[in-house]
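A quick write-up on the structure given underneath.
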Amino acid sequence: MAQPVAIEVWNPNGKYRICTQKKTILSVEDIVALIGDKCDGVIGQLTEDWGHTLFSALSKAGGKAFSNMAVGYNNVDVNAATKYGVAVGNTPGVLTETTAELAASLSLAAARRIVEADEFMRAGLYDGWLPHLFVGNLLKGQTVDVIGAGRIGSAYARMMVEGFKMNLIYYDIYQSTRLEKFFLKANGEQPVTWKRASSMEEVLREADVISLHPILDKTTYHLVNKDSLAVMKKEAILVNCSRGPVIDEVALVEHLKQNPMFRVGLDVFEDEPYMKPGLSEMKNAIVVPHIASASKWTREGMATLAALNVLGKVKGYPVWSDPNRVDLFLDENSLPPAASPSIVNAKALGLPVSKL
Ligand SMILES: NC(=O)c1ccc[n+]([C@@H]2O[C@H](COP(=O)([O-])OP(=O)(O)OC[C@H]3O[C@@H](n4cnc5c(N)ncnc54)[C@H](O)[C@@H]3O)[C@@H](O)[C@H]2O)c1
Ligand SMILES: O=C(O)[C@H](O)CO
C-alpha cells in the first residue's frame, strides 16, 4: 500500500496555495494524493509518470494545466492530457547552452581521461612525469558527430567546432537550418568541414566523438545498440546528455569491457537512478547524475517557465507564439508577458495564441 504523503502547504490563506511533498521521486499514488479534490494545476518532474490516471485525477479536481520542469517530456502522455483538456507545458531554450556545456565537458573529460587521472592522483599513485601517463585523444582536427541537431545539439556542435576546431557531421531526421546557417554565415573561413549524414551508419563509422541530443521516442529508443556500437571506431568517445534509453546500456557495458580505449560520458541512464550491472566498474566510463541542466541560471529559469506555464493557463492567458523565444519571461526587472511560455498541446486543445 502507498505510504501516506506528508503534504506541505505554502501560502495557506492566499488565493493560490501551493502544495508540495519532499520526496525525490513521487509515485502515481503520491501525486493523486497531492492533487486531492481541488487542484488548478501541477508542476511536475521528468521522473513522474504522467498518463491517464494522473490527468484524469487532475481534471476531476478542476485542473487545467500541467508543466514538466524540463524540456523533454517523454514521461508525459500528451494525448491523454489533451483528452482530459489539460494543457502540457515544458521549459525549452533556457537549458540549451547549459546542457551543451555539460556535453562538451564530458567530451573533454573522456578524451583527456580527467576522472581516471584525478582518482590516480588522490590515491597517491603519482610518482613522477612519464611519457605514457594517461595519454588520451587530441580533439583538434578530429570528427565530432551530433545525433539530433535541435537546440542543444546545435549549441554543442558550435562549441566543439568553434572551440576545438573539430570537423562536424550531423544526423537528424530534419535539416537543421539553425546549424547550417551558422556554418554558412562562417563563410567557409573555419578550418573545419561539415556535412549532414544521410544515415546513422555513415555517422557512426566516421566519428571520433559522438554526442546524442535527440528527443526520446520510439524512433530513438536504443538508437545506439550492439550493432551500432560495432560500427564505431574502437577509440571513439560517446556522450549522452539526452535520455538514458537512447542507448542500450547492457550492450554498452559489454562494448566497454571488450574495447578499453572506447570511452563514454553519461549524464543519463536507462533505469535512472540506477546503472546497469557492471557500468560503475568501468574505468572508461564517466558517469554523472543527470546534471546537464544544473546551472543556477538555468534551474531558476526552468522553475520560472514551468510556473508561468501553469499560472498562464489558470489565469486564462493565451499561449506564447514562439516557445524558442522565452527571454522576456526570464527578465527579473520586468513583469513577464501575460502568456504561457510553452504549451506543447496548444494546437490540439485549440488554445488562443498571444499577439504580443
Ligand atoms: N540531460 C539533461 O539534463 C537534459 C537537458 C535538456 C534536454 N535533455 C534532452 O535533450 C533533448 C533535446 O532537447 P532540445 O531542446 O535540443 O530539443 P529539440 O527538439 O530542439 O531537438 C531534438 C532534435 O532531435 C531530432 N530528432 C528527433 N527524432 C530523431 C531521430 N530519430 N534521429 C535523429 N534525430 C532526431 C529532432 O528533429 C530535433 O532536431 C530533450 O528532449 C531532452 O530529452 C536532457
Ligand atoms: O529534459 C530536461 O529538461 C532535462 O533532462 C532536465 O533538465
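What the table below lists for this structure:
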quantity: W194 long-range amide H proximity, modeled H, under 5 Å; calculated: L168
quantity: Global geometry of the range 82-197, whether rounded, prolate or oblate, following the gyration tensor of its Cα atoms and the 1.5 cut on a/c; calculated: oblate
quantity: Cα gyration tensor shape of the chain, rounded if a/c is under 1.5, else prolate or oblate by comparing a/b with b/c; calculated: prolate
quantity: Amide H within-cut-off set for A87, under 5 Å, with H built and near neighbours excluded; calculated: A65, F66
quantity: Estimated vicinal HN-Hα couplings, Hz - the range 93-104 in sequence order (Karplus 6.51, -1.76, 1.60; Gly, Pro = x); calculated: x, 6, 9, 4, 5, 4, 5, 4, 5, 5, 4, 5
quantity: Förster radius 25 Å - calculated FRET efficiency between L335 and R178, Cβ distance, rounded to 0.05; calculated: 0.25
quantity: Per residue accessible area in Å² of the chain, where ligands, DNA and RNA are left out and the probe is 1.4 Å; calculated: 52
quantity: Potential lengthening between D49 and K15 on full extension [0.36 nm per residue; Cα-Cα distance subtracted]; calculated: 9.4 nm
quantity: Mean Cα-pair separation over length for the range 1-68, i.e. relative contact order, pairs under 8 Å, 6 or more apart, %; calculated: 29
quantity: Overall form of the range 124-264 per C-alpha gyration tensor (a/c, 1.5; a/b vs b/c); calculated: oblate
quantity: Extension gain, S321 back to F134 (0.36 nm per residue minus Cα-Cα distance, nm); calculated: 62.3 nm
quantity: 12 Å beta-carbon shell around D49, net charge (K/R +1, D/E -1); calculated: -4
quantity: C-alpha center-to-center spacing [the range 137-183, the range 290-356] in angstrom; calculated: 28
quantity: Residue-wise HN-Hα coupling along the range 125-137, computed from phi with Karplus coefficients 6.51, -1.76, 1.60 (Hz; x: Gly, Pro); calculated: 8, 7, 10, x, 4, 9, x, 9, 6, 6, 6, x, 10
quantity: Hz values of 3J(HN,Hα) by residue in the range 192-207 - Karplus curve (6.51, -1.76, 1.60), Gly and Pro given as x; calculated: 9, 10, 8, 7, 9, 7, 8, 8, 4, 4, 4, 4, 5, 5, 8, 7
quantity: Relative contact order for the range 202-354, counting Cα pairs under 8 Å that sit 6 or more residues apart, in percent; calculated: 16
quantity: Mean separation of Cα contacts under 8 Å, 6 or more apart, over the residue count of the chain: relative contact order %; calculated: 17
quantity: Out-of-range pairs (alpha-carbon distance over 26 Å; input K195/K234; K23/K60; K83/K313; K181/K218); calculated: K181/K218
quantity: Selected from D30, D322, D127 as most flexible by GNM, with the chain as the system and alpha-carbon contacts under 10 Å; calculated: D127
quantity: Extended-chain gain in nm, criterion 0.36 nm per residue less alpha-carbon gap, K347 and S280; calculated: 19.7 nm
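The values are calculated or read from the model by the stated rules, or taken from the named source; none is laboratory data. Quantities reported herein were computed from a predicted structural model and do not represent experimental measurements. Cβ coordinates were reconstructed from backbone atoms using ideal geometry, including for glycine residues, and neighbour counts include every protein chain displayed. Surface areas here come from the heavy atoms of the whole protein model, side chains and all, with no ligands, DNA or RNA. Shrake-Rupley method; radii C 1.70, N 1.55, O 1.52, S 1.80 Å.
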